[in-house]
């Protein structure tokens, strides 16, 4: 198996390391506009890595390509790969990228390839947790996801932008757009993270979940933020983000009917967001090549996977473990 990783920030570098330790991955092709970073990551991976210099243009030649660069260009990059019949896994959580990638659905279906959208911490892990919970119900009515923490600098900048954007929620068959930073809700994440105030933000999770899980009454997505985060979101970031974030967490709350009774399941996970996002991207890419992802050709998030339980089991084997809320 030959896998390419484009973008070697906190998420891309972690994905490359996960791929390098996967038995049936024979070569990991690396691309990054920063030559020093490219050779640093390649040297850390050893002989399995092939560093393609920034001067190389055109889509990489691989069985699957992970797009892990900063948000903004994932749609354009994926389009060139899909035209060649190359499957794509994107880690972007920007609404514009997610919408552009989903628009590639008809082309991907025609080429019989997959475009996996939002395969990171949130969306990504949250989508798998939501699908795993949804599979336990006869009918699903509501899905509510929340996230806490950021990965590398690109993720921190996107977090900052999301708090001044427009939140997208699904309610009773229609989209509702509200001001980001509103709708405070206390959300409980797995220990040792605990509770945090979460707010509406410019997040793509609802779009991916509605597309994958069908006839839902309500879908929301929230992001943990401090008062300072909300107040400063209207201005450029005042200081450089850390190279990689500290421990973060996600939760997916699903409400549905089982045997005629309404129940609620809440699954969550905590980890360093960059580490978990890299693992999700790597697991999705390798499962895609093996034919084990459980998603028909086209463009969709991981909530569309019929193999969510198996993917979560593989992530747990790699150290990204989920938990169930039992309180």
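The values are calculated or read from the model by the stated rules, or taken from the named source; none is laboratory data. Keep in mind it's a predicted model, so treat the numbers as computed, not measured. Here the Cβ is made from the backbone with ideal geometry for all residues, glycine too, and neighbour counts use every protein chain on show.
I'm trying to understand the selection: among the residues of segment 69-94, which are part of a helix (DSSP H, G or I) and either more than 16 Å from residue 119 (Cβ to Cβ) or not assigned by TED's automatic domain parsing to the domain that holds residue 32 (or both)? Show your work before the answer.
So the first thing to find is which residues in segment 69-94 are part of a helix (DSSP H, G or I), and the list is 74-83.
Residues satisfying the conditions are 76, 79, 80, 83.
Quick test of your reading of the structure: residue 66 fulfils all but one of (1) farther than 18 Å from residue 274 by Cα; (2) touching a residue at least 60 places away in the same chain (Cβ under 8 Å); (3) assigned to a strand (DSSP E or B). Name the failing condition by number.
Status for residue 66: all satisfied but (1).
Collect the residues in segment 173-214 that are outside any loop (DSSP other than H, G, I, E, B), more than 21 Å from residue 140 (Cα to Cα) and touching a residue at least 24 places away in the same chain (Cβ under 8 Å), keeping them in residue-number order.
In the first step, residues of segment 173-214 are kept if they are outside any loop (DSSP other than H, G, I, E, B); the result is 174-179, 185-189, 194-200, 205-213.
Within this subset, residues satisfying the condition of being more than 21 Å from residue 140 (Cα to Cα) are 177-179, 185-186, 188-189, 194-200.
Matches in segment 173-214: 185, 188, 189, 196, 197, 198, 199, 200.
With respect to residue 146, determine if the residue is touching a strand residue (DSSP E or B) at 6+ places or on another chain (Cβ under 8 Å), within 30 Å of residue 295 (Cβ to Cβ) and either modelled with pLDDT of 90 or more or surrounded by 20 or more Cβ atoms within 10 Å (Cβ to Cβ) (or both). Walk me through how you get there before you give the answer.
Numbers: touching a strand residue (DSSP E or B) at 6+ places or on another chain (Cβ under 8 Å): yes; within 30 Å of residue 295 (Cβ to Cβ): yes; either modelled with pLDDT of 90 or more or surrounded by 20 or more Cβ atoms within 10 Å (Cβ to Cβ) (or both): yes.
When the stated conditions are applied, residue 146 passes them.
If you check residue 30 against the conditions, is it farther than 27 Å from residue 207 by Cα, modelled with pLDDT of 95 or more, in contact with a helix residue (DSSP H, G or I) (Cβ under 8 Å, 6 or more places away or on another chain) and outside any helix (DSSP H, G or I)?
Working: farther than 27 Å from residue 207 by Cα: yes; modelled with pLDDT of 95 or more: yes; in contact with a helix residue (DSSP H, G or I) (Cβ under 8 Å, 6 or more places away or on another chain): yes; outside any helix (DSSP H, G or I): yes.
Spelling it out, residue 30 is indeed farther than 27 Å from residue 207 by Cα, modelled with pLDDT of 95 or more, in contact with a helix residue (DSSP H, G or I) (Cβ under 8 Å, 6 or more places away or on another chain) and outside any helix (DSSP H, G or I).
In segment 69-83, which residue that is surrounded by fewer than 21 Cβ atoms within 10 Å (Cβ to Cβ) and without any contact (Cβ under 8 Å) to a residue 60 or more places away in the chain is farthest from residue 93 (Cα to Cα)?
This residue is 83.
Looking at residue 280, is it over 17 Å from the mean Cα position of the chain (by Cα), assigned by TED's automatic domain parsing to the domain that holds residue 86 and part of a helix (DSSP H, G or I)? Steps first, answer last, please.
Working: over 17 Å from the mean Cα position of the chain (by Cα): no; assigned by TED's automatic domain parsing to the domain that holds residue 86: yes; part of a helix (DSSP H, G or I): yes.
It is false that residue 280 is over 17 Å from the mean Cα position of the chain (by Cα), assigned by TED's automatic domain parsing to the domain that holds residue 86 and part of a helix (DSSP H, G or I).
State yes or no: is residue 42 touching a helix residue (DSSP H, G or I) at 6+ places or on another chain (Cβ under 8 Å), part of a helix (DSSP H, G or I) and either within 17 Å of residue 69 (Cα to Cα) or not assigned by TED's automatic domain parsing to the domain that holds residue 89 (or both)? Quick ask: steps written out before the conclusion?
Values: touching a helix residue (DSSP H, G or I) at 6+ places or on another chain (Cβ under 8 Å): no; part of a helix (DSSP H, G or I): yes; either within 17 Å of residue 69 (Cα to Cα) or not assigned by TED's automatic domain parsing to the domain that holds residue 89 (or both): yes.
Answer is no for this residue.
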